[in-house]
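The values are calculated or read from the model by the stated rules, or taken from the named source; none is laboratory data. Worth saying up front: this structure is predicted, and the values here are computed from it rather than measured. Note that we place each Cβ from the backbone using ideal geometry, even for glycine, and neighbour counts take in every protein chain shown. Ligands, DNA and RNA are excluded from the accessible area calculation, which covers all protein heavy atoms including side chains. Shrake-Rupley method; radii C 1.70, N 1.55, O 1.52, S 1.80 Å.
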Amino acid sequence: LVADETARALATLGEGLAANPRDPELLGQLATTQLVADKADEARKTVAQPRSAETAGILVAEGEVARRDGDIPKTITAFTRATTAAPADDRGWFALGRAQNEREDTTPARASLAKAIALNPAGAGYQGELGTLETFANRFGEAKAAFDKALAANPADYVALTGQGLARLKQGDAEGGLDSLLRAGVLEPRYARARTYTAVAYYQLGRHADA
């Protein structure tokens, strides 16, 4: 899956589920992979299958399916259930914090993301999401600190690069913002947040055709 070999990942997970059809983590991984492969209908069916337990993996996947469908209440409910079912699992806290951040529920989002980072300081996208939250809140010093941590650990962190680009736009540096956003877009062309703010950057620079 990391190498974008989604077909092979789907096949491997299918084999695992043939032997363990109610395994919640395998079901969660399959649904997540189906979403990556733009197979949302199949992902919906996967998260609806019977499972042997409620784990962070399957509940986060359930929330991601609802998020893809634009069902915000169901998204928040599933992610909250993930934190309740497995409070020591960072995945639920990060998913909840990101969803809260998207709703601009700043205070609970900051707490959820802080919990995720405390449980897994190296979590992919965690510091970048926190920095983006602080950017939304115009706390640019805190945002920069988060982006610096993220990019020092992984210069290809497209979440952090996108947030960094937004922070630069909000502080009047449209050229710098565009540079960060374009790099994020190269690293993950499907990342909607990067595409949105890239258009804003072009608009700020007067490049309306590009926007």
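Compute, for Glu42, the solvent-accessible surface of its heavy atoms (probe 1.4 Å) with the complete set of protein chains present, and express it in square angstrom to the nearest 10. Counting only protein heavy atoms, the figure is 90 Å².
Using a probe of 1.4 Å on the protein chains alone, the accessible area found for Val186 is around 120 Å². Calculated FRET efficiency, Thr12 to Lys45, Cβ-Cβ distance, R0 = 25 Å: about 0.85 to the nearest 0.05. Largest accessible area first, the listed residues Ser52, Ser112 line up as Ser52, Ser112 when surface is computed with a 1.4 Å probe on the assembled protein chains. Taking a straight Cα-Cα cut-off under 22 Å and skipping sequence neighbours fewer than 8 places away in the same chain, the lysines within cross-link reach of Lys144 are Lys115, Lys170. The alpha carbon centroids of the range 53-101 and the range 152-211 are separated by 27 Å. Our compactness index for the range 170-211, the C-alpha radius of gyration over the empirical 2.2 N^0.38 Å, is 1.05.
When shorter helices are ignored and each DSSP H run of at least 4 residues is given -39500 (n - 2.57), the per-residue value for the chain at 222 nm works out to -23000 deg cm²/dmol. Computed over protein heavy atoms with a 1.4 Å probe, the accessible surface of the range 59-111 works out to 47 Å² per residue. When only the Cβ of Lys, Arg, Asp and Glu is charged (+1, +1, -1, -1), the dipole of the chain relative to its Cα centre reaches about 280 debye. Put simply, the Cα atoms of the range 1-121 extend 42, 28, 26 Å along their principal axes, the longest span coming first. Taking a straight line from the alpha carbon of Lys45, these lysines sit under 24 Å away, with near neighbours fewer than eight places off in the same chain left out: Lys74. Contact order for the range 1-160, expressed relative to its length and based on alpha carbon pairs under 8 Å spaced 6+ residues apart, stands at 13 percent. The calculated P(r) of the chain, using every Cα pair and 5 Å bins from 0, goes 1, 8, 14, 17, 18, 17, 12, 7, 4, 2, 1, 0 in percent. The residue among Leu30, Ala88, Ala7 whose Cα reaches farthest toward the positive pole of the charge dipole of the range 1-143, with charges on the beta-carbon of Lys, Arg, Asp and Glu, is Ala88. Across the protein chains, with a 1.4 Å probe defining accessible surface, the residues Leu182, Leu17 rank Leu182, Leu17 from largest area downward. Relative protection proxy for 84-97, 190-203, from highest mean packing down: 84-97, 190-203 (other beta-carbon atoms within 10 angstrom). The radius of gyration of the Cα set in the range 126-211, together with its Dmax, comes out at 11.7, 36 angstrom.
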